[in-house]
Amino acid sequence: MIIKRQYRVWTFLTPRLLPFADAATPELPLGRLLRLSLFQVSVGMAIVLLNGTLNRVMVVELGVATWLVAVMVALPLVFAPLRALVGFRSDNHRSVLGWRRVPYIWFGTLIQFGGFAIMPFALIILSGDSTTPTYAGHAGAALAFLMVGAGLHTTQTAGLALATDLATPETRPRVVALLYVMLLAGMVASALVFGWLLAEFSQLRLIQVIQGAAVTTMLLNVIALWKQEPRNPAATAPDRPRPGFAESWRTFRQAGRAGRVLVAVGLGTAAFSMQDILLEPYGGQILNLSVGETTALTALLAGGTLGGFALAARRLNRGADPYRLAALGVLVGLAAFSCIIFSAPLESPLLVRIGAVLIGFGSGLFVVGTLTAAMALAREGESGLALGAWGAVQATAAGVAIAAGGGIRDLVSSLGTQGLLGPALTDPSVGYGAVYYLEIILLFATLAAIGPLVRSTAQARPQPPAAFGLAEFPG
């Protein structure tokens, strides 16, 4: 009797204790869902390796010119706008095997594996530490980064679409949110592992780490794909009519308010992303924080992002409007960047820490709100196009904003140092401030784009969006 009572208690508590337990269904159990999410872990590993680890190694240890490193790191963004096309192709794939998403995830994995396989040797040639002509290193490194970018974007787009297909309409937003949190978890874990493995740097160790990442990518994605997508030959028959991309895109844009949603996604993502590579340097250069203290700023930002997911889970689970939720995230962002700006004249490390948490919190609300809104625009069977369009706009806007943020900071700081902006604007914080003020302007533009969407949904009073509860906590 006691055992039965304890069993009933644990059965009741499990959905509250286990993150994402409420995203699971009998058709998609939690174990299978977590296994599927491994492809996001591999994507997070690739992002950390490209944007973090290799960025530093190429500049410091290998002595590659900074401008060349920036170009190489930006190359994967070439494929970001193509995510909508990848999603559309996976929606309408023709195959006698009956799979729509699996071929794209598999070939994306192979391309990513190939890029990692040739990357370390190309980087060594690029550094000049060999008798091979330097142009061969340029070509090899460019090809490697392009391949990793193409594979990354293809795998992620088709993988998110597969997860959406497998989930029920009620749990789709929660499932997709779980995958994005797994992306964050993969990035954190990979950063720690790469830092530990490369603590004592050598070219041989670099080769081993990158090729280990290639093998890990292959293993994770194979495990993630195994027996996930059910075969449906009728849906992928070679003689089945397939609409053109232009026609499907036109229909998608006409369904609801897709154009305005994507504009809001682009503006908001740029506003929150422009400071990504500036937050830690700002803390160190302007507020004299130590390396450990500036690293903690990134951790605080990540914690704020998870907090944003948590609030979004509760609000959407109670029928909140996703557009209103995204607008709330933008308002939080305005307060966040104001804290960052005022931390310099007040010499307040506390303000910059509060700002870092609020940036992550507002960004989490904005991402969940706009993603839910974009998913609601998709027609049945075309989740790939909707998620691909959202991902294409987000990835492109983030990449352009990060690059622009660094350039604007350098330009304004240089002008201020030379006295071209006047005697009152010679402080090193002026360059950072210009970026933060621009982000505030972009946030106001985002509010202008979202405003009509909030009004229209309030007037139409649609059915509440699909529940987005992440077991009270998003991981």
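Readers should treat all values here as calculations from the given coordinates under stated rules, not as data from a laboratory. Computed from a predicted structure; not experimentally measured. Don't worry about glycine lacking a Cβ; one is built from the backbone with ideal geometry, like all the others, and counts go over all protein chains shown.
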Completion exercise
Between the modelled labels at Asn232 and Leu350 (7 Å from Cα along Cα→Cβ) the distance in nm is 5.6
Exercise for the section: Could you work out, for segment 273-426, what percent of all Cα-Cα pairs fall into each 10 Å distance bin, beginning at 0 Å and stopping at the bin that holds the largest distance? Expected result: 11, 31, 33, 17, 7, 1, 0
Problem - In sequence order, calculated HN-Hα J values of segment 40-45 (Karplus, 6.51, -1.76, 1.60; Hz; x Gly/Pro) - result: 6, 5, 5, 5, x, 4
Problem - Dipole magnitude (debye, nearest 20) for segment 290-402, charges at Cβ of Lys, Arg, Asp, Glu - result: 280
Exercise for the section: Output the peptides 198-210, 35-47 sorted from most to least packed, where packing is the average of other Cβ atoms within 10 Å over each peptide's residues. Expected result: 35-47, 198-210
